[in-house]
Amino acid sequence: MKQDRKRILEHLQDSALIQVKSSGEKAQEGFRRKDTASQLKQFERNAELTQQALHILSRLSPEKKGMLSSFKGRKEIDPDEIGRIAADSAKIISVCQKICQLDKQRADYAAEQVRIRTSLAQLEPWRQLDIPLNTKDTPTTAVLIGTLPKAYDNVQLSEALAKECPELIFEYEILYTSPNMTCLTLFTPKKQRESAEKALRTIGFSQPLNPTSRTPMVKMQRQQQKSEEIAQKDEAAKEEIISLAKYRESICETEDYFILRSEKYKVLSQLDQTNHVFVLYGYVPEEDCKALEALCQKASPSCVVDFGEADEDAPIKLKNNKFAEPAQSIVTMYSTPAKEDIDPTPILAFFFYFFFGMMFSDAGYGLLMILATGLAIKIFKPDKRMRNNLKLFQYCGVATVFWGLVFGSIFGDAPAMFYNMFTGGNITMRELLPWPILDTQKDALMIMILSIALGMVHILVGMGCKFYICLKQKQYAKAFFDTGLWMLLLCGAAVLAAGMAFAPVMQTIGLVIMIVSAVGLVLTQGREKKGIFGKLIGGVASLYDVTSYISDLLSYSRLLALGLTTGVMAQVFNMLSGLFGTSPVGLIFMIVIFLAGHAVTIGLNALGSYVHTMRLQYVEMFSKFYEGGGRPFEPFSTKSKYFKMKGSKES
Amino acid sequence: MYGMFLAILAASIATVFAGIGSAKGVGSAAQTAMGVLSEDSSKFGKMLVLTLLPGTQGLYGFIVGFLILINCGVLGGAIPTLGQGFAFLGASVAIGIGGMISGFAQGKAAVSGITMTAKDEKNFSKAMVSITLVEIYALLAFIVSLLVVISVPGLKV
């Protein structure tokens with residue numbers, strides 16, 4: 001019913017359950033749309049005004065923010081407070097207008113100052129002149145004031161004038177010279193005025209552009225006074241703006257309020273309505289259907305909710321367990337899954353953490369990551385998005401600790417280094433740690449084989465997903481021939497490689513598997529081509545793809561390279577910090593170098609690990625099966641920047 | 001003695017040439033990034049990531065150099081024979097030249113990636129992945145250098 005419209009919309013917005021969809025370009029038969037364009041524009045203009053005001057405020061009186069404040073979650077407010085913000089909004093908007101107006105005035109003042117400075121610069125050469133620039137002739141004497149485009153001294157000028165007009169009688173005073181200008185006043189008997197002018201003109205004499213009736217000195221003083229006055233006014237305006245900074249929080253809230261309103265009005269304009277009822281179409285995640293129904297019943301008993309199957313164009317909402325959820329942002333950064341894709345998040349999450357750990361591979365750094373992210377979550381109570389990002393790094397930290405222990409690296413070789421330094425022993429991490437470790441430097445070849453083997457698993461999992469998708473879509477030929485045979489070939493290669501290390505029998509088995517699958521590929525890959533030769537050539541040509549698999553596999557050698565980089569950099573800084581011996585001064589140096597060095601190592605290598613683990617997911621695995629291109633689910637919600645409603649579901 | 005000289009020369013080649021590649025790559029990327037930041041300083045995080053991507057070559061070179069130094073008697077290990085010195089030298093050329101030229105190329109890619117991200121921040125992950133495509137060649141060079149360097153002390157030449 002129409003009278004419940006406001007309540008229902010407010011409840012929907014708070015709950016963020018539904019993505020509203022309009023029923024089409026125009027309202028359906030028998031319905032009307034409400035035109036909210038003008039209100040919407042008003043709200044948006046207000047929101048923009050508040051943004052502008054905040055911008056000015058942050059320029060003139062920057063908010064004191066801690067370095068870590070970006071982790072902070074939005075402020076929680078009670079839904080009732082919205083009423084207060086709404087009531088205050090008119091006042092706050094006028095404050096914003098005042099701020100913008102003052103800022104505009106300040107811009108005008110600045111322009112005026114520039115103008116004054118220019119005119120002062122023009123007057124500067126005339127400072128010595130004690131008569132006004134527009135002095136007229138006396139009854140007997142002509143006065144000529146102006147500039148010549150060259151430097152003259154007294155002798156040169158007399159000579160130049162005498163040359164031009166030998167009979168001229170004159171008296172002059174040079175006021176100012178610079179390499180390309182000479183300012184002078186020249187007196188001559190009135191009857192000789194014309195010949196004097198002519199003589200002067202031939203050597204380039206020109207009169208000042210804006211002569212005034214006051215002496216230049218007085219004029220300059222006036223201008224300076226004016227400039228000072230303007231500076232004072234400007235300062236006052238600035239003070240006033242700064243004094244308005246106390247409204248900053250209210251302005252933020254007001255901005256959010258108008259964003260909120262404009263969101264609501266956008267939806268309102270998409271409703272089909274008659275005089276008594278209104279209809280709202282939208283997408284709801286299946287799991288939330290019950291909640292939505294309950295909510296609508298609560299808001300308005302006469303409300304009817306009807307669910308149907310989603311159409312082709314439906315948006316996608318990813319849903320994952322606690323372990324995989326942080327990695328969702330990595331998936332959506334690539335692309336939201338399309339309807340026919342499977343959600344790759346759980347697989348991606350596992351490999352993302354795992355590979356990150358292998359590249360960062362230091363138990364000490366991993367522990368720091370776990371602690372730092374844990375503390376940030378605890379102290380700042382960040383919003384969901386930020387919390388997920390922190391969680392992502394926390395899980396990566398766990399994997400990092402694991403691999404750090406495998407590679408025997410705790411802040412590089414710090415434990416062994418300190419042990420040696422204070423006891424004078426000569427021990428390595430391998431001897432110090434009670435479990436067998438893989439040394440990144442000594443066992444590099446071994447780790448490289450391990451990296452490529454892990455890569456093989458990663459790629460096979462990706463292809464397995466493709467296989468599954470094809471089966472689900474009943475494209476059996478694609479599943480078995482295009483994906484299955486390649487998987488078989490790769491497995492054969494793996495068995496062959498393992499056979500080289502362990503048992504010659506496996507070599508034969510691996511070779512047989514590879515040959516069988518290769519023959520299978522030759523026979524099937526050309527199946528869409530015409531003619532027997534076409535089919536055969538297509539099949540043989542497809543074997544060329546093997547190069548792309550080889551390059552994919554080699555790409556995993558970065559697991560070794562980055563793992564080694566972390567270890568070696570840490571070791572270098574440990575070595576440097578140990579150079580100064582165990583004297584008190586040496587210990588201070590040691591602590592400083594140790595802390596700074598490891599900070600650098602963490603920064604560089606965490607970045608490298610993050611980027612490269614992402615690349616392994618995107619390029620090596622996603623290319624095997626993932627299409628993407630879906631539309632993310634964007635529910636009708638409170639898209640506020642500064643506050644969030646208490647108890648509302650986060651978007 | 002000549003062996004040690006060759007080993008030190010090798011360490012320098014690996015560090016310096018790969019460093020040149022990274023320095024030029026990061027330099028041009030940083031220039032572009034600062035242009036973007038002058039318009040919108042809120043993109044600093046993303047720009048930093050893209051700018052640092054061509055920086056790994058220098059690190060790889062440095063690591064090869066360091067591993068040579070701890071294996072050639074300067075920071076540990078035995079003094080190498082003449083043959084081992086040549087082996088170090090041969091190994092260092094891979095990451096030196098590979099790192100340098102891939103650094104140049106990655107720098108160019110990073111510049112384009114930065115302009116792409118400046119236009120639309122959604123392009124960030126695509127830019128990042130495309131820039132790391134270049135990296136594989138520095139990596140391969142690094143691994144060749146690495147495998148040789150760690151096996152040199154056992155070589156009987």
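Rule-based calculations on the coordinates, nothing more; no lab input. Just so we're clear, the structure is a prediction, and the values are computed from it rather than from any experiment. Note that we place each Cβ from the backbone using ideal geometry, even for glycine, and neighbour counts take in every protein chain shown.
Quick check on my link table: of A:K266/A:K624; A:K98/A:K226; A:K104/A:K384; A:K6/B:K122, which ones sit more than 29 Å apart, alpha carbon to alpha carbon?
On the way: A:K266/A:K624 40 Å; A:K98/A:K226 25 Å; A:K104/A:K384 39 Å; A:K6/B:K122 35 Å.
The answer is A:K266/A:K624; A:K104/A:K384; A:K6/B:K122.
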Residue-wise HN-Hα coupling along the range A:145-159, computed from phi with Karplus coefficients 6.51, -1.76, 1.60 (Hz; x: Gly, Pro):
10, x, 10, 10, x, 7, 7, 10, 9, 3, 5, 4, 5, 4, 4
Relative to the longest principal Cα axis of chain A, at what angle does helix A:363-380 sit, 0 to 90 degrees, rounded to 10?
60 degrees
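When you have a sec, figure out the Kirkwood radius of chain B from all distinct Cα pair distances and drop it here in Å to one decimal?
Values: mean 1/r = 0.0621 Å⁻¹.
After inverting the pairwise mean of 1/r, the radius is 16.1 Å.
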Among A:V495, A:A310, A:L607, pick out the residue whose Cα is farthest towards the positive end of the charge dipole of chain A, where Lys and Arg carry +1 and Asp and Glu carry -1 on C-beta, about the Cα centre.
A:A310
Going residue by residue through the range A:396-405, the Karplus relation 6.51 cos²θ - 1.76 cosθ + 1.60 with θ = phi - 60° gives ³J(HN,Hα) values, rounded to whole Hz and with x marking Gly or Pro, of 4, x, 4, 5, 5, 4, 4, 5, x, 5
5 Å is the cut-off here: which amide hydrogens, built 1.01 Å from N in the peptide plane, fall below it relative to A:Y176, excluding neighbours closer than 5 in sequence?
A:C183
What does the average come to when, for each residue of peptide B:126-133, you count the partner chain Cβ atoms lying within 10 Å of its Cβ?
5
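For peptide B:138-145, how many partner chain Cβ atoms fall within 10 Å of a residue's Cβ, on average? Display every interim value, and only then the final one.
Working: counts 2, 8, 6, 0, 6, 9, 0, 0.
Going residue by residue through B:138-145 and averaging, the value is 4.
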Specify which residue in the list B:S125, B:T51, B:L69 is farthest towards the positive end of the charge dipole of the range B:2-152, using unit charges on the beta carbon of Lys, Arg (+1) and Asp, Glu (-1), about the Cα centre.
B:S125
Compactness summary of the range A:315-448: radius of gyration and Dmax from Cα atoms, Å, are 18.6, 66
At q = 0.09, 0.11 Å⁻¹, base-10 log of I(q)/I(0) for the protein assembly as shown (Debye sum, equal scatterers on each alpha carbon)
-1.03, -1.28
Points 7 angstrom from Cα along the Cβ direction at A:Q101 and B:K108: gap in nanometres?
5.7 nm
Starting at the first residue of the range A:475-481, write each ³J(HN,Hα) from the Karplus equation 6.51 cos²θ - 1.76 cosθ + 1.60 with θ = phi - 60°, in whole Hz, x for Gly and Pro.
9, 5, 4, 4, 5, 7, 7
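Order by neighbour count: A:L454, A:L133, fewest other Cβ atoms within 10 Å first, most last.
Working: A:L454 17, A:L133 21.
Least to most surrounded, the residues fall as A:L454, A:L133.
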Round to the nearest 10 and give me the degree value, 0 to 90, for the angle of helix A:345-360's Cα axis relative to the longest principal axis of chain A.
70 degrees
Per-residue [θ]222 nm for chain A (sum of -39500 (n - 2.57) over DSSP H runs n ≥ 4, rounded to 500):
-19500 deg cm²/dmol
Roughly how many nanometres apart are two label points built 7 Å out from the Cα toward the Cβ at A:R214 and A:Q122?
1.5 nm
How many times 2.2 N^0.38 Å is the alpha carbon radius of gyration of the range B:1-86?
1.52
Along the charge dipole of chain A, pointing to its positive end and built from +1/-1 on Cβ of Lys, Arg, Asp and Glu, which listed residue (A:A245, A:L485, A:M446) has its Cα farthest out?
A:A245
Would you mind counting up the charge near A:P436? Only other residues with Cβ under 14 Å from its Cβ, with Lys and Arg at +1 and Asp and Glu at -1.
-1
Please report the relative contact order for the range A:134-207, taking Cα pairs under 8 Å with a sequence separation of at least 6, and give it as a percent rounded to a whole number.
42 percent
Using the per-residue mean of other Cβ atoms lying within 10 Å as a proxy for protection, in what order, highest first, do the peptides A:251-259, A:391-399 fall?
A:251-259, A:391-399
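Given an 8 Å cut-off on Cα distances and at least 6 residues of separation, report the relative contact order of the range A:422-493 as a percent.
Details: 23 pairs, mean separation 15.0, N = 72.
Worked out over the range A:422-493, it gives 21 percent.
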Just to confirm my numbers, what's the Cα centroid distance between the range B:81-146 and the range A:436-457 in Å?
22 Å
How much length would be gained if the chain were fully extended between A:F307 and A:T202, taking 0.36 nm per residue of separation minus their Cα-Cα distance, in nm to one decimal?
28.3 nm
Can you give the % of DSSP beta bridges in the protein assembly as shown that are antiparallel, to the nearest 5?
80 percent
How crowded by other chains is A:607-615, given as the mean number of beta carbons from other chains within 10 Å of each beta carbon?
5
Report the net charge of residues surrounding B:I150, where surrounding means a beta-carbon distance below 12 angstrom and charges are Lys +1, Arg +1, Asp -1, Glu -1.
-1
